[in-house]
Amino acid sequence: MTADLWTALFIALLAAFTGYEVISRVPTLLHTPLMSGSNFIHGIVLVGGIVALGLASTDLERIVGLLAVVMGAMNVTGGYVVTERILAMFDRAKRPGAKP
């Protein structure tokens, strides 16, 4: 393996470990508000994936880019759906028996 591949693998593993450690220490009460705020960041990642897909030159790059864009779009959409459901839980007007 080349040094570039080892460097990329090391960065990916370090990012995964750091992400796991950070998320596992977030209290349950704060998890949903933080995730809804991070949807903005996921949107930027999605735009970056679209730009990278537009610059792809080989079939493998196009396949990986398309997969990344589809998964990024699912992540953004799912994040907003979950946020809407959580916010609906706190809407008093929609609760049965609640006084507006």
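Tabulated values for the structure
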item	result
Acute angle (nearest 10 degrees) that the helix 3-24 long axis makes with the longest principal axis of the chain, alpha-carbon atoms	10
Estimated [θ] at 222 nm from DSSP helical runs (n ≥ 4, -39500 (n - 2.57)) normalised by residues in the chain, nearest 500	-28500 deg cm²/dmol
Protection proxy ranking of 13-19, 47-53 - average other beta-carbon atoms within 10 Å, highest first	47-53, 13-19
Residue of Glu84, Glu61, Glu21 that the Gaussian network model of the chain assigns the largest fluctuation, springs spanning Cα pairs under 10 Å	Glu21
Which labelled figure in (1) 65, 31, 15; (2) 56, 29, 21; (3) 43, 29, 26 is Cα extents along the principal axes in Å, once derived from the coordinates	(1)
Solvent-accessible surface ranking, highest first, for Ser24, Ser38 at 1.4 angstrom	Ser24, Ser38
Extreme residue, positive dipole direction of the chain, given options Gly49, Leu29, Leu14 (C-beta unit charges)	Leu29
Dipole magnitude (debye, nearest 20) for the chain, charges at Cβ of Lys, Arg, Asp, Glu	760
Charge context of Asn39, other residues only, Cβ under 15 angstrom, K/R +1, D/E -1	0
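The values are calculated or read from the model by the stated rules, or taken from the named source; none is laboratory data. Note that the structure is a prediction, hence the values are computed from the model and not measured. Please note: Cβ atoms are built from the backbone with ideal geometry, for glycine as well, and neighbour counts cover all protein chains shown. When the accessible area is computed, the model is the full protein with side chains, heavy atoms only, and any ligands, DNA or RNA have been set aside. Shrake-Rupley method; radii C 1.70, N 1.55, O 1.52, S 1.80 Å.
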